[in-house]
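The values are calculated or read from the model by the stated rules, or taken from the named source; none is laboratory data. The structure presented is a predicted model; accordingly, all values stated were derived computationally and were not measured. Every residue, glycine as well, gets a Cβ built from its backbone with ideal geometry; the counts of neighbours run over all protein chains shown.
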């Protein structure tokens, strides 16, 4: 259920309370994106070493620097605020985050659980970088808007 909650947060910019350590977060993101530790180190562009990544995952490295946050964000292709939020244990409010009606959220979760294509789409979405997600969301909104116009014309 934790992965489902996290996927919903990424898609809808819904702020959910999660008790995930930075190590658990990094390990989960590596798994979701299909990366090896060595590949993540390469993608961090020299800002975070493999041994430091291992220490973060094991929970040995507690006080990380801004440089490490930036490197992890680059390597994992996520917003640095997300890394900071997990590392600090404080939720970072998104300026664009809409208020979420609990009934709408429950209905959305029900639709996701009942539809394997939505589960696959969420999984693929979670593997995308921040910029790709923005493009995909804009494309979906455009397609839905075009669909509304087609329905109106047929009537």
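Here's the yes/no breakdown for (1) at pLDDT below 90; (2) within 13 Å of the chain's Cα centre (by Cα); (3) surrounded by 15 or more Cβ atoms within 10 Å (Cβ to Cβ):
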site	(1), (2), (3)
7	yes, yes, yes
12	yes, yes, yes
24	no, no, yes
36	no, no, no
43	no, no, yes
48	no, no, yes
64	no, no, yes
68	no, no, yes
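Here is a list: 67, 82. Which entry is free of Cβ contacts under 8 Å to residues at least 24 places away in the same chain and closer than 21 Å to residue 127 by Cα? Don't jump to the end; show me each part of the working.
Working: 67 fails: closer than 21 Å to residue 127 by Cα.
Being free of Cβ contacts under 8 Å to residues at least 24 places away in the same chain and closer than 21 Å to residue 127 by Cα holds for just one of 67, 82, which is 82.
Yes/no matrix, rows are residues, columns are (1) assigned to a helix (DSSP H, G or I); (2) out of contact with any helix residue (DSSP H, G or I) (no Cβ under 6 Å at 6 or more places or on another chain); (3) modelled with pLDDT under 90; (4) farther than 18 Å from residue 129 by Cβ:
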| residue | (1), (2), (3), (4) |
| --- | --- |
| 51 | yes, yes, no, yes |
| 54 | yes, yes, no, yes |
| 57 | yes, no, no, yes |
| 72 | yes, no, no, no |
| 98 | no, yes, yes, yes |
| 107 | yes, yes, yes, yes |
| 111 | yes, yes, yes, yes |
